[in-house]
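The values are calculated or read from the model by the stated rules, or taken from the named source; none is laboratory data. Note that the coordinates shown come from a computational prediction; the quantities given were computed from them, not determined experimentally. Cβ: placed from backbone, ideal geometry, glycine included. Neighbour counts: every protein chain shown.
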Amino acid sequence: MRIRFDRFEADTQSGELRRDGLKVRLQQQPFQLLVALLDRAGEVVTRDELQRRLWPADTFVDFDQGLNKAVNGLRFALRDRLQKPRFIETLPRRGYRFIGQLERDETAVPVLQVRSLAVLPLENLSSDAGEEYFSDGMTEELICALAKIRGLRVISRTSVMAYKRARRPLPEIANQLQVDAVVEGTVVRVDGKVRITAQLIYAPEDRHLWSGRYERDLRDVLLLQAEIARGIAHEIRQVVEPADAEQQKVVPEAYESRLKGIYFRDRMTPGDLLKSVEFFLRAIELVPEDAEARGELAQAYFYLGLFGVDRPSVMASKAREQALAALRIDEGVAAAHNAMASVHVLGSWDWARAEEECRRAVELKPGQSVTHAALADYISIQGRHEEAIEEFGRVLDLDPISRMYLGHSALVFYRARRYDEAVAQCRKALEVDASYANALWFLALAQEGRGQLTESVAALEKAAGLSKGRHYQALLARAYALTGQEARARQILDCLMAASRENYVSPLDIAVVQAGLGEVDATFEWLEEAYRQQVFRIIEITTPMFEGLREDERWESLVRRIGLWENGSAIRM
């Protein structure tokens, strides 16, 4: 936009000032001061407001000296005088006011519409590769801060991480993520301080809109993130929601431990989940009132139970303890509500209360894909497939190329018996990461639904080769049995039984193999054991995998007890 006054013209897009059409030499700081005053022409802009806008995070600058220098430089460029001002009026000890007559040219430069953006992974400038968790954590924190901007769709972390170290044109990345703008930048930590540089690019034209350099003590990192978000929000002319977290200081070691916990938790392997628990516990030891760390820890415990690392009842008890503690400290922790959903199911198979918790999490964090994914999953389990698929559409709107959510959406389609769409989603997930074992798992199930048993076996063989998870071995054994390879199926079953004598093995995995072998009584014995142990994955008995057991009254009894029976029949997944 161009703003004219007297014989001057300020171009806010190019950052240039002209007089009678000729460019006037003016440094960036005085120009930004001019823009700040023009934005509020006729109003007093206080010194505090100018400090926040012109030096949002640089606590090492003598503000009074810096502002006086900027004002003097601007007055010189405008040929204005302090005693008889035509443009810049000084109000002692208060601030400044622009008093000239303005003429705005709104059509000179088209207004850019930024309704969606993606924050690309911040580049770690440290020479230590072990600092990757920190740069990844800073990326996620910035995403969360920007998600508070009203009317702005911000792509979630799991999708943008696919572009880490990717050297692709920004317009290409923006097109793949379906966003208007991209934020990219760097992060470095030196001597207890965090320095972030960031720039906002309008993707369709690869046009630079804004840039900033921010530096603060690690203790003030939440304020730093909020300041960057305000800078971007100002550029796209939106409003940032107020947040109490912006006023909080962090304990550096505890904050780092929480970042490490999230980093390992999101890798979603049994070993990494165990590491994440250690880091979350360390964060809580240092700051017992860290509600976010407790909420994240509660979810990690649930995942450990889900993957059969330990008895689900033990993990559910720990998840409940941490989730309740988090909510006592801060009822607004979405992760704790999602963890409580699993607690309600495993404690009393109360699907209604579980859904309430998921909806509360969405209400608290509507811009986070994880909350919508949890809600979609619980709706899907209850057999409301069209509603679940619609909700998962919101997940993929926020996270369009996340391997995890593309795979998860395939599972939702599989439960709805829409096998072709499930296969298509798995293919997309594998395009993002060909070694993602869960996508191969769901692909195998969907291929089995389409009658492609040979292809299903091949997908599970690859998944079992990529991961040490015992559930992959169990699924592979079942697939072998269904294709007449009974000896290979029993060999895996024997290995699982031998392992169960020394370590925990989920009884559901044993039941999966027995079902494939057609040993009905043994299948139900292990399903009953899974029910006694509160194994969450027992919900799979209503999916096509256990279709052959539906006529048995023991199947109906189990389905009733886990709360998936209504209106006189089983919920169909």
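All conditions but one from (1) modelled with pLDDT of 75 or more; (2) surrounded by 15 or more Cβ atoms within 10 Å (Cβ to Cβ) apply to Ala57; the one that does not is (1).
Residues of region 133-154 include at least one that is at positive phi and under 26 Å from the mean Cα position of the chain (by Cα). Evaluating Leu120 against the criteria (1) aliphatic (A, V, I, L, M); (2) modelled with pLDDT under 80; (3) surrounded by 13 or more Cβ atoms within 10 Å (Cβ to Cβ) leaves one unmet condition, (2). Highlighted here are the strands (runs of 3 or more DSSP E) found entirely within region 181-237 that include at least 1 residues which are assigned by TED's automatic domain parsing to the domain that holds Glu141, more than 17 Å from Glu140 (Cα to Cα) and among the hydroxyl-bearing types (Ser, Thr, Tyr): 193-202, 207-217. Counting only helices (runs of 4 or more DSSP H) that sit wholly inside region 486-548, those with at least 3 residues that are loosely packed, with under 15 Cβ neighbours inside 10 Å are 486-500. In the set (1) modelled with pLDDT of 90 or more; (2) within 27 Å of Leu218 (Cβ to Cβ); (3) not aromatic (Phe, Trp, Tyr), Ala181 fails one condition alone, (2).
Selection over region 17-30 of residues that are in contact (Cβ under 8 Å) with a residue 24 or more places away in the chain and surrounded by 14 or more Cβ atoms within 10 Å (Cβ to Cβ) gives a count of 5.
How about region 125-134: which of its residues are surrounded by fewer than 22 Cβ atoms within 10 Å (Cβ to Cβ) and either acidic (Asp, Glu) or in contact (Cβ under 8 Å) with a residue 12 or more places away in the chain (or both)? Residues satisfying the conditions are Leu125, Ser126, Asp128, Glu131, Glu132, Tyr133.
In region 456-467 there is at least one residue matching the filter, namely being without any contact (Cβ under 8 Å) to a residue 60 or more places away in the chain, touching an Asp or Glu at 6+ places or on another chain (Cβ under 7 Å) and over 26 Å from Arg561 (Cβ atoms). Return the total of residues in region 84-116 being surrounded by fewer than 16 Cβ atoms within 10 Å (Cβ to Cβ) and either of a type in the set (A, V, I, L, M) or at pLDDT 85 or above (or both). Number of matching residues: 13. The C-beta contact set for region 36-49 (first residue over 16 Å from Leu74 (Cα atoms), second residue at pLDDT below 85, distance under 9 angstrom, 6+ apart or interchain) comprises Arg40/Glu49. Cβ-Cβ distances below 6 Å connect the following pairs, each with a first residue in region 492-517 that is farther than 25 Å from Met315 by Cα, a second residue that is charged (D, E, K, R) and modelled with pLDDT of 95 or more, and a separation of six or more residues or different chains: Gly516/Arg478. All of (1) part of a helix (DSSP H, G or I); (2) modelled with pLDDT under 90; (3) buried (at least 22 other Cβ atoms within 10 Å of the Cβ) hold for Gly271 with one exception: (3).
Hey, does region 363-370 have a residue that's touching a His at 6+ places or on another chain (Cβ under 9 Å) and buried (at least 22 other Cβ atoms within 10 Å of the Cβ)? No, region 363-370 contains no residue that is touching a His at 6+ places or on another chain (Cβ under 9 Å) and buried (at least 22 other Cβ atoms within 10 Å of the Cβ). Of the helices (runs of 4 or more DSSP H) contained entirely in region 364-422, those carrying at least 3 residues that are touching a Leu at 6+ places or on another chain (Cβ under 8 Å) fall at 369-381, 403-415. Restricting Arg403, Arg394 to residues that are at pLDDT below 95 and either within 19 Å of Pro544 (Cβ to Cβ) or surrounded by fewer than 23 Cβ atoms within 10 Å (Cβ to Cβ) (or both) narrows the list to Arg394.
Within region 424-440, the set of residues being crowded, with 24+ Cβ neighbours inside 10 Å and either without any contact (Cβ under 8 Å) to a residue 24 or more places away in the chain or farther than 22 Å from Lys164 by Cα (or both) comprises Gln425, Cys426, Leu440. Free of Cβ contacts under 8 Å to residues at least 40 places away in the same chain, surrounded by fewer than 23 Cβ atoms within 10 Å (Cβ to Cβ) and assigned to a helix (DSSP H, G or I): does that describe Glu357? When the stated conditions are applied, Glu357 does not pass them. One residue is enough: does region 295-318 have a residue meeting the conditions buried (at least 23 other Cβ atoms within 10 Å of the Cβ), more than 24 Å from His344 (Cβ to Cβ) and of a type in the set (D, E, K, R)? No, there is no match, as no residue in region 295-318 is buried (at least 23 other Cβ atoms within 10 Å of the Cβ), more than 24 Å from His344 (Cβ to Cβ) and of a type in the set (D, E, K, R).
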